[in-house]
Amino acid sequence: MSDREPVNGGFEDTYTESQVILVAVRIIAPFTLTYGLFMALHGADTPGGSFQGGAIVGVTILMIAFAFGIEPTRQWLTNSAIVALVTGGVAVFVGIGLATIVLDGAFLEYERFETIGIAGKWGMEAIEVGGIALIVSGVIVTLFFATAAGFGTNGLDDETEGSTDD
């Protein structure tokens, strides 16, 4: 059982500012964001790559939310920005795949880009950096905000939950 009392249908916010955490996040966040971008930009060239880089970028945003509050972070990083990240990543992924089909290749056959003078490696880099990193970071932040919002009763109030109409 929780020691917190329900307030307005939910639980009161127990966020308190800690000067140690605020200062630590202000110092650490730029470094973790830089490292995440470094990992993402190395994409297919090195172990790690865009998935891990996107995860580090997403977790950096979570770290900021834990330090400065979830609601202020949610207001700063709007839902439309997060949806744009994920949608942009999917659009890059599908766009590169369809471009290779237009060039008479299979879906994501990067070597087809060489017929128009672009090295096939750049198709893979575009997928890694522009697709996977954006999708992973956006999904991590979306899942965090969805979990932080909690689970509601889906619009049902107490009177209608147990009633059965014949």
Heavy-atom SASA rank of Thr60, Thr115 (probe 1.4 Å, accessible area, largest first): Thr115, Thr60
Solvent exposure of region 9-112 as accessible area per residue, Å², 1.4 Å probe: 61 Å²
Sites Lys121 and Trp76, calculated FRET efficiency, Cβ-Cβ separation with R0 45 Å, nearest 0.05: 0.80
Rounded D (µm²/s) - region 68-109, Kirkwood Rh over Cα pairs, Stokes-Einstein at 10 °C, 1.306 mPa s: 131 µm²/s
Thr87-Glu109 pseudo-label distance in nm [points 7 Å out on the Cα-to-Cβ vector]: 3.2 nm
Square roots of 5 times each gyration tensor eigenvalue, C-alpha, region 20-127, largest first, Å: 35, 16, 8
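The values are calculated or read from the model by the stated rules, or taken from the named source; none is laboratory data. These numbers were taken from a predicted model, which means no experiment stands behind them. Using ideal geometry, Cβ is built from the backbone for each residue, glycine included, and neighbour counts are taken over all protein chains shown. Ligands, DNA and RNA are excluded from the accessible area calculation, which covers all protein heavy atoms including side chains. Shrake-Rupley method; radii C 1.70, N 1.55, O 1.52, S 1.80 Å.
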